[in-house]
Amino acid sequence: MTDNTVTKHPLTLLGLGDMGTALARTWLAAGHPLTVWNRTAAKAEALAAEGAAVAASPAEAVAANTLVVLCLLDDASVGSVLDGIDLTGKDLVDLTTGTPAEGRRRAAWAEARGARFVDGGIMGTPAMIGVPASGAYVFHSGSRALFDTHRAALQVPAGARFVGEDPGHAALFDMALLSGMYGLFAGISHAYALIEGEDIAPKELAPLLSEWLGAMGFFVGNAADRLTSGDFTTGVVSNLAMQVAGSGTLLRTAEEQGVSAELITPYLELMRRRLAADPVAHAGEDTVGAITLLKR
Ligand code: NDP
């Protein structure tokens, strides 16, 4: 197969919301024959002008190509759009955001209908799609054979990372990264609320906060090392007892500033519970030990 035939890999895309439209444009720009369908047909008009073939129904779109990419709102919309359609011999790549269990159920559902299946989790916004320097990529998991067959097309919109044959793992990596992100957003939001009404401009705090969070990024690797070894005490530089004592200062400062502590209280409370469970054994621990309280 020549490079030329690889770049002409035809595919179907179901779903032309903000993300689907961004994906579509990259495949069209790269010369891939693209068939699209969207529930609200008007959203396909601009893409038709750019060279996409517009299918009149999901069944027609699926029938057009072996590779069928889905980028719909949620897993329920995937089920309703594909309901009753012949999927025999199709390669489904579902870039719709979902949970790990939804990914596994959808894979079994697709395989029972004669299709191969890969679930995907998009790490990027529509503006980052098709921009190599943006750092956007997509987690994929499920059928390795499908991924290898279509890798060239799948990596057109953004980097394509295969994270295993368990179809739930793309969503799990996606949700793990997003969960970390929201925790970060929570702390940043609290920090800005603290200075509101003071003679400190948000732009004055911004570079300091950014630099500090970068320095504290070491926690990611530190946590992985300690969770792997099970050793929460060797080489600790900021012990749990000190941090629990210090959390009172954080809460009193929030009170003084008239700021709700709702965004930071859960983590402070987790540290307190870890210490309270065994003050002697846990006082000298790293805060990573508190993670062990989360698994139900
Ligand atoms: P939009 O809200 O812009 O688009 C949603 C799409 O789903 C539209 O094509 C919509 O059709 C379609 N849809 C919704 N419900 C149904 C239904 N019941 N039957 C048929 N079609 C339906 O969302 P995005 O395009 O931004 O997101 C799409 C997916 O990509 C989501 O799973 C999202 O989590 C994921 N994603 C989005 C990111 C982003 O920043 N936007 C980032 C990473 C992932 P219609 O046009 O007719 O309403």
| remark: The correct count of residues that are assigned to a loop (DSSP other than H, G, I, E, B), among the charged types (D, E, K, R) and at pLDDT 95 or above in the range 269-296 is 3
| Of 72, 87, which residue is within 11 Å of the ligand (Cβ to nearest atom), touching a Gly at 6+ places or on another chain (Cβ under 7 Å) and assigned by TED's automatic domain parsing to the domain that holds residue 32? | 72
| field | Which listed residue is aliphatic (A, V, I, L, M), at pLDDT 95 or above and surrounded by 22 or more Cβ atoms within 10 Å (Cβ to Cβ), from 54, 62 | value | 62
| note | Restricting the range 185-194 to residues that are without any contact (Cβ under 8 Å) to a residue 40 or more places away in the chain and not small (Gly, Ala, Ser), the one nearest to residue 258 (Cα to Cα) turns out to be 192
| request: Could you tell me whether the range 90-101 includes any residue that is of a type in the set (S, T, N, Q), more than 22 Å from the chain's Cα centre (by Cα) and either within 11 Å of the ligand (Cβ to nearest atom) or at positive phi (or both)? | output: no
| said: Just checking, does the range 98-113 include any residue being within 19 Å of residue 36 (Cα to Cα), surrounded by fewer than 23 Cβ atoms within 10 Å (Cβ to Cβ) and at pLDDT 95 or above? | reply: no
| query | If residue 59 satisfies every condition in (1) under 23 Å from residue 18 (Cα atoms); (2) within 13 Å of the ligand (Cβ to nearest atom) but one, which is the exception? | reply | (2)
| message | Can you go through 251, 209 and tell me which one is within 27 Å of the chain's Cα centre (by Cα) and among the hydrophobic types (A, V, I, L, M, F, W, C)? | response | 209
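A quick yes/no check of all residues on (1) more than 17 Å from the chain's Cα centre (by Cα); (2) over 23 Å from residue 16 (Cβ atoms); (3) modelled with pLDDT under 95:
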residue	(1), (2), (3)
128	no, no, no
134	no, no, no
144	yes, yes, no
151	yes, yes, no
156	yes, no, no
167	no, yes, no
174	no, no, no
182	no, yes, no
| note | For the range 255-269, the count of residues that are in contact with a Leu (Cβ under 6 Å, 6 or more places away or on another chain) and within 22 Å of residue 221 (Cα to Cα) equals 0
| field | Condition met for residue 34 (of a type outside the set (Gly, Ala, Ser) and within 20 Å of the chain's Cα centre (by Cα)) | value | no
| task | Mind listing just one residue for me: the one in the range 47-56 that is away from the ligand (no atom under 16 Å from the Cβ) and on the phi < 0 side of the Ramachandran plot and, of those, farthest from the chain's Cα centre (by Cα)? | result | 49
| query | Within the range 13-27, which residues are in a helix (DSSP H, G or I) and either within 14 Å of residue 68 (Cα to Cα) or more than 6 Å from the ligand (Cβ to nearest atom) (or both)? | reply | 20, 21, 22, 23, 24, 25, 26, 27
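The values are calculated or read from the model by the stated rules, or taken from the named source; none is laboratory data. Computed from a predicted structure; not experimentally measured. Backbone-built Cβ (ideal geometry, glycine too); neighbour counts: all protein chains shown.
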